[in-house]
Amino acid sequence: MKKIVTILGIAALGLAGCNQFKKGEGDMLYKIYSDKSGETIKLGDFVAFKAIEKTEEGDSVLFSSYDYDHSALLVREKSVFKGDLFAALGLLSEGDSASFKINIDSMTAKMGRPKPTHSKGKYLVYTIKVEKVIPKGKLTDSLFRDKIDVFLKAEIDKAKTTEDAKLKAYVAAKELKTAARPSGLHYVVTKEGQGVKAAVGDTVQVNYTGMFLSGKVFDTSLPEVAKKAGVFNAMRPYEPLKVSVGTHALVPGFDEGLMLFPKGTKATLVMPSKLAYGEQGNSGIPPYTPLVFEIEIVNIIPKAGGVASVPGAKSVKK
């Protein structure tokens, strides 16, 4: 299979690949780890792949599909510049894996990609493992869409059937001594609080950090955590979430957890997807995704004290 490479990436494939980077199209450099037989990816083809994007220095991961425990998905489009990521896909086929160096200045000028502020390198490094290719060929748009839908349904079914095993593996790997609730919620108290617990209708003020099982933070009320995790948003307020509990304003597992502990408690909640975003997922959270929340109960205000609205914290809302 002919390959002069240009593309996205993912590190930590555990592949031997000791060969050096070679010169490819435009200003791209590439290194092939696995080169399977088969047709290369054509314009219009659907591609599912695992990917990691890093700075050239290798000390900063900018994106990893492994954090979300699902493949990155796209349809190959025409190249924006010579040696860009779409051109790179055209050099791979199903089952292939490779790393690529793509010129940052070209991505910034042609695609509007911001430069990483902490990197002085010339390239961004991408490593990819192509998992599935659905050729467009001469298929009608309708038939092509049907084939993609079949693949996506199979991926969702796989996530559903493996969720329980993933949760058990996470608890075992972290050596968590969790307590289990009948709902399926697991929790670990890391600091005991004092006083009464919140009842339905009470207002709870809570600091939280929401994570995937990989440890990737997707939302937090703590600015220092947001900055460290690379999810800081200067436009949002960082303060304890203030919400009426037991009123279905939150995802079920988070809502249940807030009524288990008195003021001052710090705890970790481990919840299956049925207590989070379920079979639909939500804004970057795939279907059947179990979640972890680290929480601290800052205050509990009895119902008679008034109920406040929820400031923007999408991660814990329904």
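Values quoted throughout were computed directly from the atomic coordinates according to the rules given, and no laboratory measurement underlies them. Quantities reported herein were computed from a predicted structural model and do not represent experimental measurements. Methodologically, a virtual Cβ is constructed for each residue, glycine included, from the backbone with ideal geometry; neighbour enumeration extends over all protein chains shown.
Database remark: amide H of Leu62 closer than 5 angstrom to the amide H of Glu53, Lys54, Thr55 (H placed geometrically; neighbours at sequence offset of 5 or more, or on other chains; Pro and chain starts carry no H). Per-residue 3J(HN,Hα) values for the range 149-163, derived from phi via the Karplus relation 6.51 cos²θ - 1.76 cosθ + 1.60 with θ = phi - 60°, read 4, 4, 5, 5, 5, 5, 5, 5, 4, 5, 4, 5, 6, 9, 4 Hz in sequence order (x marks Gly and Pro). Of the trypsin sites (Lys or Arg not before Pro) found in the range 106-196, those that fall in a DSSP loop while having at most 11 other beta-carbon atoms within 10 Å are Lys120, Lys138, Lys177. Gain on full extension, evaluated as 0.36 nm per residue between Lys42 and Gln280 minus their Cα-Cα distance, stands at 82.6 nm.
Determine which residues of the range 287-303 fall in the zone a paramagnetic label at Val196 would reach in this model, i.e. backbone nitrogen under 12 Å from the point 7 Å along Cα→Cβ. Within reach of a label on Val196, which here means backbone N under 12 Å from a point 7 Å along Cα→Cβ, the range 287-303 contributes 300-303.
With a Förster radius of 25 Å applied to the beta-carbon distance between Lys120 and Lys23, the computed FRET efficiency rounds to 0.70.
Length available on full extension from Asp157 to Lys132: 0.36 nm per residue minus the Cα-Cα distance, which gives 7.4 nm.
Taking a ≥ b ≥ c as the square roots of the eigenvalues of the alpha carbon gyration tensor, the range 81-174 is oblate, as a/c is not under 1.5 and a/b does not beat b/c.
In order along the range 164-181, the phi-based Karplus estimate (6.51 cos²θ - 1.76 cosθ + 1.60, θ = phi - 60°) of 3J(HN,Hα) comes to 4, 5, 5, 5, 5, 5, 5, 4, 5, 5, 8, 6, 7, 8, 7, 9, 10, 9 Hz; Gly and Pro are listed as x. Sorted from greatest to least, the principal axis extents spanned by the alpha carbons of the range 140-287 come out as 63, 38, 31 Å. Qualifying GluC sites (Glu not before Pro) in the range 37-141, where qualification requires a DSSP coil assignment and no more than 15 other C-beta atoms within 10 Å, comprise Glu39, Glu57, Glu77. Among the GluC sites (Glu not before Pro) within the range 170-245, those in coil by DSSP and having at most 10 neighbouring Cβ atoms inside 10 Å are Glu175.
Straight-distance candidates among the lysines for linking to Lys303, with alpha-carbon spacing under 18 Å and chain neighbours fewer than 8 residues away dropped: Lys197, Lys242, Lys263. Under 18 Å of direct C-alpha separation, and excluding same-chain neighbours fewer than eight residues apart, Lys174 reaches these lysines: Lys166, Lys191, Lys216, Lys266. Residues in the range 205-220 carry Karplus couplings, in order, of 9, 9, 8, 8, 9, x, 9, 7, 4, 5, x, 5, 7, 10, 6, 7 Hz; the curve used is 6.51 cos²θ - 1.76 cosθ + 1.60 with θ = phi - 60°, and Gly or Pro positions show x. Can you bin the range 22-138 into rounded, prolate or oblate? Criterion: square roots of the alpha carbon gyration tensor eigenvalues sorted a ≥ b ≥ c, rounded for a/c under 1.5, prolate for a/b above b/c, oblate for the rest. Because a/c hits 1.5 or more and a/b exceeds b/c, the range 22-138 counts as prolate. For Val150 and Ala180, the FRET efficiency from 1/(1 + (r/R0)^6), where r spans their Cβ atoms and R0 equals 25 Å, is about 0.10. Between the beta carbons of Glu56 and Ala165, assuming R0 = 41 Å, the FRET efficiency works out to 0.65 to the nearest 0.05. Per the Debye formula on identical point scatterers at the alpha carbon atoms of the chain, with no solvent, log10 I(q)/I(0) at q = 0.07, 0.08, 0.10, 0.15 Å⁻¹ is -0.36, -0.46, -0.69, -1.18. A helix-only calculation puts the chain at -6000 deg cm²/dmol for mean residue ellipticity at 222 nm, using -39500 (n - 2.57) for each DSSP H run of at least four residues, averaged over all residues.
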